[in-house]
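**Student:** Below: one structure in structure tokens.
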Amino acid sequence: MAKTVTPDAISVILANPCPDSSSDLPEIIVQVVDLKPTGNKYMFMASDGKMKVRALLQSTLASEVTSGNIQNLGLIRVLDYTLNDIPTKNEKFLIVSKCDVVSSALEAEYKAEVKVEDGVNSLKQNQEMDADVKTGSPAIVLKPKQEVVTKSAAQIVHDQHGNAAPAARMAMTRRVHPLVSLNPYQGNWTIKVRVTSKGNMRTYRNARGEGCVFNVELTDEDGTQIQATMFNDAAKKFFDKFQMGKVYYISKGTLKVANKQFKTVQNDYEMTLNENSEVEEASNEATFIPETKFSFTPIDELGPFVNGRELVDVIGVVQSVSPTMSIRRKSNNETIPKRDIVIADETKKTVVVSLWNDLATSVGQELLDMADKSPVVAIKSLKVGEFQGVSLSALSKSIILVDPDTPEAKKLRSWYDSEGKDTSLAAIGNDSSPSNRNGARSMYTDRVTLSHITSNLSLGEDKPVYFSIKAYVSTIKPDQAMSYRACKTCSKKVTEAVGSGYWCEGCQKNEDGCSLRYIMALKVSDASGEAFVSVFNEQAEKMIGCTADELNEIKLHDGEATYQKKLKEATWVPHLFRVSVAQNEYNNEKRQRITVRAVAPIDYAAESKYLIEEMTKIKVSN
Amino acid sequence: MDTSNPAAFVNAELLRMYVGRRVRAVIQVLRNDGGSIFGKSTDEQELVIKGQPPNPLTTFVEVIGIADSNRSIQAEIWTNFGDNFDVSSYNTVCQLANGDFKHLFI
């Protein structure tokens, strides 16, 4: 066994970031450079003479360094490792979990000489003229002697692909089209894709009858993704055929423009497969379930996502697991199993996660059995709801990992073991419940500035989004219709009846009198900007200080000046508002509509605390 | 507006930096002796405020005057601040106004 650095060892590692520990890794020997302790672990640069990657020795190996086995400038054979991305920089990070010592410190940092290949290499020629040492880098004497390795094209390809199956070959015998080239106008294609997500079979009922449907997410070699849906017979035919992580050749599907509301992957098109479509498993491809990529949101930052469309990933320590409950679905009277788990994270907040169907019965049961060990769970693709303030709900595409072997899980585990399990944890819902009847306290959930709302016109595209704002009323136009005639019983709009009195469509009867209820548009401003909002009766009454009927009296009997004065008195008054933002289409134009749902007076003590907090945040981020 | 003699926001700790100068502070009234009051500053220390307190006097009062020692203020202006007051926020204001944001105040 040559005691030398494996050429292109770093490339091999980069090409295979997550090797199975059972598979045979090619020999990876690297030189340890810049070895330095950080805390109780050791960091170094792993070098193959050509490339370097930042690396860390797992704490179990730290003793090898302190005992002198692993030395700086020494060689180690990497036996087991993981390659992670550093999210903030565009760099990779190697964690070596198992290694052998190949050699003690070399005299200097090894630099690979230029490979001898068939082509002419002028650099090498120059160096050969300068020195007559065998290695390409002058003035570095290396012990032990490094050998020049010539490589054939096949060798280089093999090293670069590590142990991945030779993908290129099959593509040449079958005309496989890249996913990105598919379009609805060309039907003659075959694609080779891996199933990266498989949904559950769902049943539905519509005007045409009943049916069943499921969809899969397909990814091809280039990384392009597309969603494929199958209905009824095709669904039954292919449901068992498609397995997560396996590769298939698919042809004779149809493409259409993707429906944005249901879009889960980035593709303008989506595919439908029917009974004539062909799906064939690519038998020589290894099943590769891509590592689930998470982007965790800390529990105390879930607020802004409530009722939004964006899905979140969370990681936390399980505090409790409920027994299975049966919920009856209203639409088709189906009963579904459900289980609620409570998780906590370093923000010292807890949140309830609702698991449904398979997740409730399988993973849910697993968690219940191990609940006393407080396992760490990482969950991907959760919907954020507003039950009890903030709640999380799993979808069919949610993925749950129990005690995953990731740095975040380890960090959470050590936090929990050292302080988490003893500290008192507060439920995230508690002091930020959007139940708007209680004014001040709830006005701090999802606090945003007006410009946050007005600058993002896609807010509330399918479902209205809720925010809290603090703003001043800046303008109330006196000549708008402030109110509408409303039925005294049901508050719906009434129309003038033929004889006398008013007709209420809701109550289906004539009323003698009616009351006026506010419906007005006003302009509000805060430090960031201004916006128009609609206000309804209860809130407007609080802001103007009198009922719509009273205001109307003033307008009719007390004169224009008094009327305008009444409105002026309501301007430049600050309020805390709870608003809903929705998108409406008006004359083919999309408009943002902000409606006030609740209004509360400013609680100066609470507001001061909020401002101090915001100031601290700005200071810290600077 | 007369900006010739600004009063610095102080609590007990900051008062000593302004001895002889004009200060303002919110005090929680502990004892009222007629000629002076004994009060608690927003950082929980006892201060003596000399002068003529208003009648009636609420629990919290803002005094503006000259600091004549590091534990007392000769008050010229008294303003009743009511019975409910968020002491910790005011204390933070004193610290910020004399620290990071001093340039915005004096």
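The values are calculated or read from the model by the stated rules, or taken from the named source; none is laboratory data. Remember, it's a predicted structure, so these values are computed and weren't measured experimentally. Please note: Cβ atoms are built from the backbone with ideal geometry, for glycine as well, and neighbour counts cover all protein chains shown. Please note that ligands, DNA and RNA were not included when accessible areas were found on the heavy atoms of the full protein model with its side chains. Shrake-Rupley method; radii C 1.70, N 1.55, O 1.52, S 1.80 Å.
**Student:** Can you tell which of A:MET43, A:ILE226, B:ASN5 lies farthest toward the positive end of the dipole of the protein assembly as shown, using +1 and -1 charges on the Cβ of basic and acidic side chains (Lys, Arg; Asp, Glu)?
**Tutor:** Going by the charge dipole, the pick is A:ILE226.
**Student:** How do the peptides A:528-539, A:379-390, A:607-618 rank, highest first, by the average count of neighbouring beta carbon atoms within 10 Å per residue? Write out the running numbers ahead of the final one.
**Tutor:** On the way: A:528-539: 18.2, A:379-390: 19.8, A:607-618: 13.2.
By packing density, highest mean first, the sequence is A:379-390, A:528-539, A:607-618.
**Student:** Just to be sure I understand the model, the point goes 7 Å from the Cα along the line to the Cβ. What's the resulting A:ALA605 to A:MET51 distance in nm?
**Tutor:** Distance between the two pseudo-spin positions: 6.1 nm.
**Student:** Let me ask something additional. Under unit Cβ charges (Lys, Arg +1; Asp, Glu -1), what dipole magnitude, rounded to 20 debye, does chain B have relative to its Cα centre?
**Tutor:** Dipole about the Cα centre, nearest 20: 260 debye.
**Student:** Another one. Quick query: amide H of A:ALA258 versus all other amide H atoms, modeled in the peptide plane; which residues come in under 5 Å with a sequence gap of 5 or more or a different chain?
**Tutor:** A:TYR269, A:GLU270
**Student:** Pick out, from B:ASN91, B:TRP78, B:GLN28, the residue whose Cα sits farthest towards the positive end of the charge dipole of chain B, with +1 on the Cβ of Lys and Arg and -1 on the Cβ of Asp and Glu.
**Tutor:** Working it through, the farthest residue towards the positive pole turns out to be B:TRP78.
**Student:** Give me the one-decimal nm value for the distance between modelled label points at A:TYR269 and A:ARG329, 7 Å along each residue's Cα-to-Cβ direction.
**Tutor:** Those two pseudo-labels are separated by 3.1 nm.
**Student:** A further question follows. For A:LYS523 and A:LYS565, FRET efficiency with R0 = 25 Å and r from the beta-carbon atoms, rounded to 0.05?
**Tutor:** For R0 = 25 Å, the calculated efficiency reads 0.85.
**Student:** Please report, as a whole percent, how much of the solvent-accessible surface of the range B:4-80 comes from carbon and sulfur atoms (probe radius 1.4 Å).
**Tutor:** Using a 1.4 Å probe with all protein chains present, the range B:4-80 comes out at 46 percent carbon and sulfur.
**Student:** For the range A:597-620, state which residues have at least 10 Å² less accessible area in the presence of all protein chains than in their chain by itself, taking the probe as 1.4 Å and leaving out ligands, DNA and RNA.
**Tutor:** Residues passing the criterion (a loss of at least 10 Å², heavy atoms only) are A:ALA605, A:SER608, A:LYS609, A:ILE612, A:MET615, A:LYS619.
**Student:** Could you work out how far the C-alpha centroid of the range A:196-246 sits from that of the range B:41-70, in angstrom?
**Tutor:** 75 Å
**Student:** Can you give the accessible area buried between chains B and A, summed over both chains, with a 1.4 Å probe, in Å² to the nearest 100? Show your work: numbers first, answer last.
**Tutor:** Values: alone 5870 and 35070 Å², together 40480 Å².
In total, chains B and A hide about 500 Å² from solvent.
**Student:** Let me ask something else. Grab the beta carbon distance between A:LEU395 and B:ASN80, set R0 = 51 Å, and tell me the FRET efficiency rounded to 0.05.
**Tutor:** For R0 = 51 Å, the calculated efficiency reads 0.35.
**Student:** On to the next question. Take the Cα radius of gyration of the protein assembly as shown and divide it by 2.2 N^0.38 Å, with N its residue count; two decimals is plenty.
**Tutor:** 1.32
**Student:** In the range A:525-546, whose amide N lies under 17 Å from the spot 7 Å out along Cα-to-Cβ of A:CYS490? List them in ranges.
**Tutor:** Taking a point 7 Å out along Cα→Cβ of A:CYS490, no residue of the range A:525-546 has its backbone N under 17 Å.
**Student:** Over all pairs of distinct alpha carbons, what does the Kirkwood formula give as the hydrodynamic radius of the range A:271-428, in Å?
**Tutor:** 17.0 Å
**Student:** Moving on to the next point. Kindly sort A:VAL306, A:VAL257 by accessible area of their heavy atoms, largest first, with the probe set to 1.4 Å.
**Tutor:** Result, largest first: A:VAL257, A:VAL306.
**Student:** Starting from the Cα of A:LYS493, draw a straight line to each of the aspartates and glutamates and keep only those under 20 Å, dropping any in the same chain fewer than 8 residues away.
**Tutor:** Counting by Cα, and skipping residues close in sequence, A:LYS493 has these aspartates and glutamates nearby: A:GLU505, A:GLU511, A:ASP512, A:GLU538, A:GLU541, A:ASP549, A:GLU550, A:GLU553.
**Student:** Taking only protein heavy atoms into account and a 1.4 Å probe, give the accessible area per residue of the range A:360-419 in Å².
**Tutor:** 48 Å²
**Student:** Over 28 Å between C-alpha atoms is what I'm after, so list which of A:LYS542/A:LYS609; A:LYS52/A:LYS98; A:LYS348/A:LYS542; A:LYS241/A:LYS410 land there.
**Tutor:** Working: A:LYS542/A:LYS609 25 Å; A:LYS52/A:LYS98 19 Å; A:LYS348/A:LYS542 37 Å; A:LYS241/A:LYS410 37 Å.
Cα-Cα > 28 Å for A:LYS348/A:LYS542; A:LYS241/A:LYS410; rest within.
**Student:** Put +1 on the Cβ of every Lys and Arg and -1 on every Asp and Glu Cβ in the protein assembly as shown; which of A:THR495, A:PHE532, A:ILE327 then has its Cα farthest towards the positive end of the dipole?
**Tutor:** Most positive-ward Cα: A:THR495.
**Student:** Moving on to the next point. So how strong a dipole does the range A:1-90 carry about its Cα centre when Lys and Arg Cβ are +1 and Asp and Glu Cβ are -1, to the nearest 20 debye?
**Tutor:** The calculation lands at about 380 debye.
**Student:** Sort A:THR562, A:THR423 by accessible area with a 1.4 Å probe, largest first. It would help to have the intermediate numbers written out before the result.
**Tutor:** Values: A:THR562 65, A:THR423 45 Å².
Ranked list, largest accessible area first: A:THR562, A:THR423.
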